[in-house]
Structure formats: C-alpha cells, structure tokens
1. Report the Rg/Rh value for the range 109-175, based on alpha-carbon coordinates and the Kirkwood definition of Rh.
2. Order these peptides, 114-125, 162-173, by their mean beta-carbon neighbour count within 10 angstrom, highest first.
3. For the range 59-82 and the range 154-191, what is the separation of their C-alpha centers, rounded to whole Å?
4. What do you get when you divide the Cα radius of gyration of the range 1-95 by 2.2 N^0.38 Å, with N the number of residues?
5. Quick one: what do you get for the range 165-236 if you divide its Cα Rg by 2.2 N^0.38 Å?
6. What percent do you get for the relative contact order of the range 73-122 when only Cα pairs under 8 Å and 6+ apart count?
7. Please work out how much length the chain gains when fully extended from residue 147 to residue 120, using 0.36 nm per residue of separation minus the C-alpha to C-alpha distance, in nm with one decimal.
8. Could you tell me the calculated FRET efficiency between residue 83 and residue 137, based on Cβ-Cβ distance and R0 = 35 angstrom, to the nearest 0.05?
Ligand code: G
Ligand code: G
Ligand code: MN
Ligand code: NA
C-alpha cells in the first residue's frame with residue numbers, strides 16, 4: 001500500500017522515466033530508432049525495472065497514466081533528437097489494458113500534435129495476448145491508432161497463443177521476433193530455421209522484421225547474412241537513460 005502511494009506520486013513527478021535501447025538497421029548499419037523501456041527511479045530503492053511495478057500499476061488502474069507519461073517523455077526526447085538532426089523513431093510498449101482503452105487513440109493524437117512529432121516516427125508495440133481480451137474493442141483501438149498514422153508492431157512474436165492468426169488479423173507493420181529464438185541462433189539449426197522462415201513470412205506480408213535479444217557478434221553476423229531488417233539487443237547497446245543516448249550515438253560514428 002505504501003508502494004502504491006509512492007507509485008501514484010511517481011506518476012506525478014519525474015521518477016518514472018523511459019530508458020532507451022537502440023535499434024540498428026542491418027543493411028546500412030545506422031541506428032534508426034530506440035525502444036522506450038520504463039524505469040522507476042525510486043527515492044529509496046534505486047532503479048526499478050517494470051516487472052516490479054507494472055503489475056501494481058495494472059491492478060491499481062494506473063496503466064493509462066503510465067502509458068501517457070512514457071509517451072510524453074519519449075516523444076519529447078524524440079523531438080529533441082530530431083531537432084538535433086537525427087532522423088530517428090521511437091517505439092513504446094502498450095499493455096493489454098491500454099488496448100481496451102477507447103480514449104487512447106485521441107490522447108496519442110493530441111500528444112503527437114502538441115509535441116510536433118510526425119505520427120510515422122512513433123511505433124506502438126503490442127503483444128499477441130491483446131486479442132485474448134475483448135477483441136472488438138481492441139480492434140477499435142488499433143484501428144484508431146492506425147488512422148493516426150503511427151506504426152504498430154507485434155512484440156515477443158512467436159510466443160503467443162496463436163501467432164499466425166494474429167498476424168493475419170491485426171493491422172500491423174512490424175513483427176518483432178521474441179528473443180528466445182535468437183538465443184543459440186548459431187548453434188541450434190531449429191532456431192535458425194524459425195528465424196529465417198519468419199523473415200521470409202514478414203517479407204511476403206510486406207512487414208518489417210525486428211530481431212530482439214541480439215547478445216553477440218555471431219548472431220548479428222548471421223542476421224546480416226540472412227538480410228534481416230533490424231536488430232536490437234545487448235550486443236548493440238543496453239537500455240540507457242535519455243541523457244546518454246546522443247553521446248552514445250556520436251561515439252559510434
Ligand atoms: O527491461 P525490460 O525490463 O525493460 O522490460 C520488461 C518488460 O516490461 C518488457 O516486456 C517490456 O515490454 C515491458 N515494458 C517496458 N516498458 C514498458 C512500458 O512503458 N509500458 C508497458 N506496458 N510495458 C513496458
Ligand atoms: O518484451 P519486450 O521486448 O518489450 O522487452 C524488452 C526486454 O528485453 C527488456 O527487459 C530489455 O531490457 C530486455 N532486453 C533487451 N535486449 C536484450 C538482450 O540482448 N538480451 C536479453 N536477455 N534481454 C534483453
Ligand atoms: Mn517491446
Ligand atoms: Na519482446
């Protein structure tokens with residue numbers, strides 16, 4: 001209960017912040033954007049990761065506020081980077097309850113307008129379990145978001161209950177293969193076959209494929225050879241605070 005009060009306070013202050021993990025275009029080697037991953041700079045407990053506080057936010061009905069908070073910070077950081085001459089995009093994670101929230105598309109639209117960020121430079125990541133909730137309502141929210149012109153991505157692809165059905169039904173632009181398929185990529189032929197066939201599938205569907213969880217140079221090299229679009233993972237960079245991002249970017253080139 002004490003923690004819940006602290007979480008409410010955190011939502012009103014600067015304690016909840018996105019960390020950013022870079023996404024790499026494998027054809028050009030350029031950083032094309034970042035994924036925002038929320039962190040809680042807790043006054044006494046230090047830096048907390050979402051597994052500690054997202055369930056609490058969910059229970060307390062705070063997910064709309066949390067999403068808007070992360071979107072607002074991410075879009076304003078993105079605007080700064082774009083003003084500094086970097087043509088980047090940002091990806092923000094949404095929860096199942098966010099996609100049940102009919103008001104969300106308008107609120108995202110207002111944030112994009114007020115911060116002056118083009119809708120195409122925002123990607124919203126959803127997981128495959130979204131349609132396990134009220135499918136008609138989720139569909140309405142997703143269609144509203146698509147109408148804004150934002151990109152939609154299926155996160156943790158391949159781990160859900162019915163991946164192919166979702167891929168067919170949802171209006172998405174990007175498929176983000178779950179990191180469990182990347183582990184042992186170079187030693188496990190079955191993992192490699194799954195990555196390559198999913199890559200082919202995403203091509204045939206006209207979707208971009210992101211491979212996450214890239215932890216070593218061998219995996220990165222294999223993905224390059226297979227013409228994978230985009231990679232993300234500790235081998236490229238760990239999630240970092242906003243202030244570290246531009247210095248990291250200029251140190252690379
Ligand atoms: O580093 P990592 O611990 O950042 O993230 C753990 C999980 O929390 C991931 O499944 C990620 O998608 C989720 N997550 C991270 N940031 C957010 C956020 O802003 N909103 C939601 N709903 N989930 C997030
Ligand atoms: O579910 P989602 O894909 O949004 O979660 C991203 C999570 O994966 C975050 O917790 C992030 O810190 C973590 N992550 C990012 N890159 C890597 C990686 O290369 N290896 C592992 N094990 N985790 C990663
Ligand atoms: Mn994600
Ligand atoms: Na994931």
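1. 1.00
2. Working: 114-125: 17.3, 162-173: 15.0.
My ranking of the peptides, most packed first, is 114-125, 162-173.
3. Cα centres, the range 59-82 to the range 154-191: 26 Å.
4. 1.19
5. This ratio for the range 165-236 stands at 1.05.
6. Relative contact order here is 50 percent.
7. Stretched out fully, the residue 147 to residue 120 stretch lengthens by 8.6 nm.
8. 0.40
Since every read-out is calculated from the coordinates, none of them should be taken as a lab result. All values derive from a computational prediction rather than experimental measurement. Using ideal geometry, Cβ is built from the backbone for each residue, glycine included, and neighbour counts are taken over all protein chains shown.
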